[in-house]
1. Looking at segment 166-271, which chymotrypsin sites (Phe, Trp or Tyr not before Pro) are in a loop (DSSP not H, G, I, E or B) and have at most 14 other Cβ atoms within 10 Å?
2. Which label belongs to the value computed from this structure, given these candidates for Cα extents along the principal axes in Å: [x] 66, 50, 35; [y] 62, 58, 32; [z] 146, 44, 30?
3. At a Cα cut-off below 16 Å, give the lysines reachable from K113, other chains included and same-chain residues fewer than 8 away excluded.
4. If each residue of separation counts as 0.36 nm, what is the full-extension length gain between K10 and Q59 once their alpha-carbon separation is subtracted?
5. Can you give the net charge of the other residues whose Cβ lies under 15 Å from the Cβ of G163, counting K and R as +1 and D and E as -1?
6. Across segment 211-223, in residue order, what do the Karplus-derived ³J(HN,Hα) couplings come to in whole Hz, using 6.51 cos²θ - 1.76 cosθ + 1.60 with θ = phi - 60° and x for Gly and Pro?
7. Identify which of D220, D211, D185 has the largest mean-square fluctuation in a Gaussian network model of the chain, with springs joining Cα atoms closer than 10 Å.
8. Using the basic label-point model (7 angstrom from Cα toward the beta carbon), what is the Q232 to D204 distance in nanometres?
Amino acid sequence: STPLGKIIIKGPDTVNFLNRIYSNNWDNLPVGRGKYGFMLYDDGRLLDDGVTMRLSEDQYLMSNSAGMADVALNHLERLLHINWPDLKVYLTPVTDQWAVVCVCGPRSREVLKQSGIDINIDAGSFRFLETRLCNIAGLKARISRITYTGELSFEIAVPTRYGLSLWNTLIASGEEFGITPVGSDTSMLLRTEKGFVAAGLEGDGYVDLYDVGMDWLVSDQKKDFIGKRSMQRNRSTPGSRPEVIGLLPSDPKFVPPKGAPIIEYDKNSDL
């Protein structure tokens, strides 16, 4: 399997739908570009985040966290069938149809060029959050410039049956550049170091976008979206709210185990 859940969203009311399910504004996204968004539960808790790309006039490709693909799809279908049956929007899950390989790092462009990509991917020609069709490794593919770790990064999608072929070509092409395959744990560590929020980890069932420092994703121009009223209630309710922060150990060689509690330490104590 490869990362990311994938849902095609199509229909004349798609922009209206995206504005209702995401906290930010989706009115003016051009074809060929994507946007980062956060979906919330009705009570304002974090559901899932990801980039949604506009593929054509009325067709979008939404990416979800791999483990949340079914949850996100069920959430969207429930809203369409029960809350907004008047919207002309159609959802098609395509997670299994596409294999996605992410090439990340300062030399990622060199690896892609060595793999035979046939479009210009230089910074001035292929901007952040753009998506295009291309040929690479002898395969027709979609390439998107999206980053999960904060570094220069490209996501390449090919039909699932060609995923291994793409992978082998990229590994062979990147050998001279010191390419290294990494898994989910490494990706999560890199995004943590960057300070990115993961809905399934920092979203502990209580915090909202303000609590995790993502309030910049909340549009002041939108009258409503799923979870907005609950977040407004949180802001107006007296009392303190939790805040997600990053901590670094005083000893840079110390790696705390997962789930380790943080307690106040008294150096004069016998403990």
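1. Working: sites: W167, F177, F196, Y206, Y210, W216, F225, F254, Y265; in loops: F196, Y206, Y210, F225, F254, Y265.
Answer by residue number: Y206, F254, Y265.
2. [y]
3. The qualifying lysines are K140.
4. Working: separation 49, 0.36 × 49 = 17.64 nm, distance 0.44 nm.
Difference between extended and current length: 17.2 nm.
5. Values: positive: K6, K140, R142, R161; negative: D96, E155.
Charge balance in the 15 Å sphere: +2.
6. Running phi through 6.51 cos²θ - 1.76 cosθ + 1.60 with θ = phi - 60° gives 5, 9, x, 10, 5, 5, 8, 9, 6, 6, 8, 8, 5 Hz.
7. D185
8. The two pseudo-label positions are separated by 2.8 nm.
The values are calculated or read from the model by the stated rules, or taken from the named source; none is laboratory data. Note that the coordinates shown come from a computational prediction; the quantities given were computed from them, not determined experimentally. Note: ideal-geometry Cβ built from the backbone for every residue, glycine included; neighbour counts use all protein chains shown. Quick note on the areas: whole protein, heavy atoms, side chains included, nothing else; ligands and nucleic acids left out. Shrake-Rupley method; radii C 1.70, N 1.55, O 1.52, S 1.80 Å.
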